Amino acid sequence: MEQRHLGRTGLRVSRIGLGTLTWGRDTDEHDAAEQLKAFWDAGGTLVDTADVYGGGEAEYLLGRLMDRLVPRQDLVLCTKAGSVPDPDRRTDGSRGHLLAALDASLDRLGTDHVDLWQLHAFDPYTPLEESLQALDIAVRTGRARYAGVANFCGWQLAKAGTWQLAGDRTRLAGAQLEYSLLQRGVEREVLPAALDLGIGLLPSSPLGRGVLTGKYRAGTPTDSRGASETMAPFVEPYLDDAASRIVDAVTTAADGLATTPLHVALAWVRDRPGVTAPIVGARTARQLTAALSVETLSLPDEICRALDDVSAPVHRYPDHDWSTL
């Protein structure tokens, strides 16, 4: 699998990443092991997790698999901290919480460092410079090799990235946000900020939460995430008429290229400007292998333009050049 630099850093990662959102909850150890082995065999290196996935079980599971299945040194390990299971305060970006969470993640993962450590979300109740100081400490003490953020909007990413560069602190290497043909909101301000600051984008849910595979066109399959009690609310927003039109276009493109809607949707986001590696989360190893086989596909320019047009978000002032409005 082709390797790419993460942003303006020396860190190289596979251009498709493996997500572990459902590990330890909907994905058991056997299925997780098959996925990790298939990913590694295909040349994949970037594995993404978080301290809250499965209540910590995803990290425990990944740690056990690295111990006996895939060498730790062959993986670029990414985890996140800052999300908390508190309905009154969903994020805690305090320096104390973040560093304690990192130590707990390292213990669960069974390693002395992660390759990329990210703030899981922006905390409006903690000064941003305090949260960012935790990233500096993590890198300075060797507990993390690189640092980044996730789910930051445009001004938050611009402020964080600029603060780090201006103070000669740890450069932000990556930013993880949802990005797909069904969700192009990052193109308004996040992506321009990331490109300007040299921060690599790691798109989550690149298949539109599974909808872009086309499997929901005839209804909700009983074995899909859309039929799962825990995941149905996650899928439902992308089952509207607007999404259906985009899925139809992806399916038409796939038919014309003798490939699958999954491959078309994934290749589109993988090769967008500023994107380093989409993070793919699969239910089974077979699904993951199908996604990884996109490696040989590059979409023709005319297909890309057609998909751009059908999925184009509405951008108005001040997102576009004011002189064109």
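The values are calculated or read from the model by the stated rules, or taken from the named source; none is laboratory data. What you are looking at is a predicted structure, and each value in this text was computed from that prediction instead of being measured. No Cβ is skipped: glycine too gets one built from the backbone with ideal geometry, and neighbour counts run over all protein chains shown. Surface areas here come from the heavy atoms of the whole protein model, side chains and all, with no ligands, DNA or RNA. Shrake-Rupley method; radii C 1.70, N 1.55, O 1.52, S 1.80 Å.
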Exercise for review: Any residue in segment 76-98 that's over 19 Å from GLU57 (Cα atoms): show its pairings with residues that are in a helix (DSSP H, G or I) at Cβ separation under 6 Å, as long as the two are six or more apart or on different chains.
Suggested key: GLY93/SER131; ARG95/GLU130; ARG95/GLN133; ARG95/ALA134
Exercise for review: Any residue in segment 166-191 that's within 22 Å of HIS315 (Cβ to Cβ): show its pairings with residues that are at pLDDT below 95 and open to solvent by 30 Å² or more (accessible area, probe 1.4 Å) at Cβ separation under 7 Å, as long as the two are six or more apart or on different chains.
Suggested key: ARG184/PRO313; GLY185/PRO313; GLU187/PRO313; ARG188/HIS315; ARG188/ASP319; GLU189/ASP319
Review point. Looking at this structure, is THR276 hydroxyl-bearing (Ser, Thr, Tyr), under 29 Å from VAL13 (Cα atoms), surrounded by 15 or more Cβ atoms within 10 Å (Cβ to Cβ) and within 16 Å of the chain's Cα centre (by Cα)?
Key: yes
Practice item. Could you give me the residue pairs with C-beta distances under 8 Å whose first residue belongs to segment 248-274 and is at positive phi, whose second residue is open to solvent by 60 Å² or more (accessible area, probe 1.4 Å) and among the aliphatic types (A, V, I, L, M) wherever it lies, and which are 6+ apart or on separate chains? Key: GLY274/LEU195
**Study point:** Residues of segment 105-133 classified as assigned to a helix (DSSP H, G or I) and without any contact (Cβ under 8 Å) to a residue 40 or more places away in the chain, total
**Key:** 7
Review point. If you check ARG108 against the conditions, is it more than 26 Å from LEU195 (Cβ to Cβ), touching a His at 6+ places or on another chain (Cβ under 7 Å) and of a type outside the set (Phe, Trp, Tyr)?
Key: no
Review point. Which one is nearest to the chain's Cα centre (by Cα), of the residues in segment 1-17 that are over 7 Å from THR276 (Cβ atoms) and assigned to a strand (DSSP E or B)?
Key: GLY17
Revision key, fill the gap. Note on segment 297-311: residues open to solvent by 60 Å² or more (accessible area, probe 1.4 Å) and either at pLDDT below 95 or small (Gly, Ala, Ser) (or both) are SER298
Check your understanding: Taking segment 105-119 as the search range and keeping residues that are closer than 13 Å to ALA138 by Cβ and touching an Asp or Glu at 6+ places or on another chain (Cβ under 8 Å), which one is surrounded by the most Cβ atoms within 10 Å (Cβ to Cβ)?
Key -> SER105
Review point. Looking at segment 74-104, which of its residues are part of a loop (DSSP other than H, G, I, E, B), touching a Gly at 6+ places or on another chain (Cβ under 7 Å) and open to solvent by 10 Å² or more (accessible area, probe 1.4 Å)?
Key: ASP92
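Results for (1) closer than 25 Å to ALA38 by Cα; (2) touching a Phe, Trp or Tyr at 6+ places or on another chain (Cβ under 9 Å); (3) not in a helix (DSSP H, G or I), shown as yes or no for each residue.
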residue: GLY219; (1), (2), (3): no, no, yes
residue: PRO237; (1), (2), (3): no, no, no
residue: ALA242; (1), (2), (3): no, no, no
residue: ARG245; (1), (2), (3): no, no, no
residue: ALA265; (1), (2), (3): yes, no, no
residue: PRO273; (1), (2), (3): no, no, yes
residue: GLN287; (1), (2), (3): yes, no, no
residue: SER293; (1), (2), (3): yes, no, no
